[in-house]
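Everything on this sheet refers to the single structure shown next.
We did not get these values from a lab; they are worked out from the coordinates using the rules stated. Nothing here was measured: the structure is a model prediction, and the numbers come from that model. Ideal geometry is used to build each Cβ from the backbone, glycine not excepted, and the neighbour counts take in all protein chains shown.
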Amino acid sequence: MKVIRKVPFYMQLPVSILFLLIIMLFAIWYGAADTTLKDVFEAIFQQKGGQYRSVLLELRFPRVIAAFFVGSALAVAGAVMQGVTRNPLADPGLLGVTAGANAALAGTLVFTPAASYYVIIVSCFIGAGIGMILVYGISATVKGGLSPMKLVLAGAAVTGFLQAIADGVGILFNISKDVSMWTSGGLIGTTWQALIGVVPFIVIGLILAMIMSRQLTILSLNEDVAIGLGQNIALVKWILMFVVVLLAGASVALVGNLAFVGLMIPHMVRAFVGTDYRYVIPMCMSFGGSFMVLADFTGRIMNAPFETPVVSIVSVIGLPFFLILVRKGGKAFVA
Amino acid sequence: MKVQIEGLSVGYEKQTIVREMSLQIAEGKITTIIGANGCGKSTLLKAITRVIPYQGGNVIIDGKSIAKMNTKALAKKLAILPQNPESAQGLLVQELVSYGRFPYQKGLGSLSKKDKEMIEWALEVTRLTEFCDEPVDSLSGGQRQRVWIAMALAQGTEMIFLDEPTTYLDMAHQLEVLELLERLNKDEGRTIVMVLHDVNQASRFSHEIIALTKGQLAGHGTPEQIMTPALLRKVFNIDAVIGNDPRTKKPICITYDLIKGEERDEEMADDFARTLVGSM
């Protein structure tokens, strides 16, 4: 790993972005409909594109773009949570944040079945905030906070609780189908309309995360050290938690409940760029985006024309990763 | 730079740990805070450095109360090194030291020429230049402690506060850290305030010693004034034999016994029991 770290960041980032673009190109190129590379370029750069133009423009483009933003958002949210809590097992999916958004979404569908995208997004933010408050509330009752493992247990309990609420609401009001359409963890049928509603929030979250990255690095060292270096830690923590709620909530509005992305990507990224969040955050954006586009693409072509749920693919990769991490005592994957 | 403590009271929730304490920290000197476990040494240090808020009284630095000072402005005046801080895995020595420049940076914080000079100097003084590209967690305990001190130095402050900088280090590494601090005081004129457990080290390296007992001042003065059987009895509840170090001529505690019987009050016994349990 030391060899990788010797490569300067200004070379790593372009390479990772190139990798992202190539994966995105492939994801747009291949699919159930037999499109050619020429179709793709024509659809992007010209006003024509053969018979598949609408497939490309209306189905694949928004889906790939959504995958990128969801992957970026979850990876950055995970990195921020790990930094703030100094807990390498932190992840918005594992600590109840996305489950909270999920439950709020189910509740919203009960009251306003034809809720607009903004209503859904806002309810996701509120739910994400509640999920986070629940987990940290439990953690705060223990002096000195919970250990990494116990925090994950608390997260699992809160996730189970919120999931039960979402399921219960679905069954009770007979809207299970609508809820699962949102929350099955898929990007199937993502529309431009959905993207336009959600992406601005993710972009704001990502920019905020970037602006706060230096503060996050200092905070992740040790709270007393951060105070000593002149940081207003209460303010910084609030802003960072807001960023997590923004990113995780917006992701749920697009893709539903998805764990492990926020756990895995930051650890992989640290192996390349180290622990300074000024490098970790941008790298998480491109890596997380690439991962999600690739996972969604795999789900689409693995058993075409049937879709393999992206949540299964992510879990198949994520769970072993999580277990290895636990086995290592929750230590980071850094040389 | 003057630090004045006036009627300071500090505590957590309902429990008061430091009670109405008043003292002045000598400028350009090494001051060590000593005392039994739970006497409020670390709490006092944390309150002076605004890590924890205080309930009563005041800490005044350069004529201004720290409660009213901007935390970033304060970070340019005093640096702190908490008790055994852990560094993130894989963090390089020069990265950690460069964070000492945090109070001087804006935005994403690219390093200015002055920042780089300070970092280089801090690495040099702590003799870490050759390790600058190594991960901090690959170093020995003593070296790691020097990295944290280097970070505090890069902060470029007149005062440095350290909470038990020698804990978990072996005898040689303890001395190495203390000699480094002594050098910084002599050559650079830095004011150093630290908490130590070992009274002999306190005596050897400090100009002044602050002795605490149950959150109150038991004594404040030169090692000669503090290292007396009477005072050590009051502070640690021990019967100490004091002599002189044949090399440094400073007073040292040669041997000691616990005081048993009527003078040993309940609170002390509790403290002692807690320490025993804590160390198991």
If one builds a Gaussian network model of chain A from Cα atoms under 10 Å apart, the most fluctuating residue listed among A:108, A:36, A:217 is A:36
Go through A:30, A:123, A:232 and say which Cα lies farthest out towards the positive end of the charge dipole of region A:2-327; charges sit on Cβ, +1 for Lys and Arg, -1 for Asp and Glu. A:232
About its Cα centre, how strong a charge dipole does the protein assembly as shown have in debye, to the nearest 20, once Lys and Arg get +1 and Asp and Glu get -1 at the Cβ? 1020 debye
When the charge dipole of the protein assembly as shown is computed with +1 at the Cβ of Lys and Arg and -1 at the Cβ of Asp and Glu, the Cα pointing farthest to the positive end, of A:75, B:5, B:26, is that of A:75
Eligible aspartates and glutamates near residue B:249 by straight Cα distance, threshold 15 Å, same-chain separation 8 or greater: B:224
Where does each of A:241, B:159 land when they are ranked from fewest to most other beta-carbon atoms within 10 angstrom? A:241, B:159
Positive dipole terminus of region B:60-200, leading residue within B:85, B:128, B:103 (C-beta point charges): B:103
Based on the Cβ-Cβ distance of residue A:11 and residue A:57, what FRET efficiency does E = 1/(1 + (r/R0)^6) give at R0 = 30 Å, to the nearest 0.05? 0.30
Under the rule of -39500 (n - 2.57) per DSSP H run of 4 or more residues, summed and divided by the residues of the protein assembly as shown, what mean residue ellipticity at 222 nm is obtained, to the nearest 500 deg cm²/dmol? -18000 deg cm²/dmol
Using only the C-alpha atoms of region A:2-327, find the volume of their convex hull and express it per residue in Å³. 143 Å³
Once you charge only the Cβ atoms, +1 for Lys and Arg and -1 for Asp and Glu, what is the size of the charge dipole of region A:2-327 about its Cα centre, to the nearest 20 debye? 700 debye
Once you've got the Cα coordinates, tell me which of B:68/B:114; B:234/B:260; B:41/B:214; B:114/B:186 are over 21 Å apart. B:68/B:114; B:114/B:186
Of the listed links B:2/B:76; B:72/B:113; B:46/B:77, those spanning more than 19 angstrom between alpha carbons are B:72/B:113
What ratio of Cα Rg to 2.2 N^0.38 Å holds for region B:88-156? 1.02
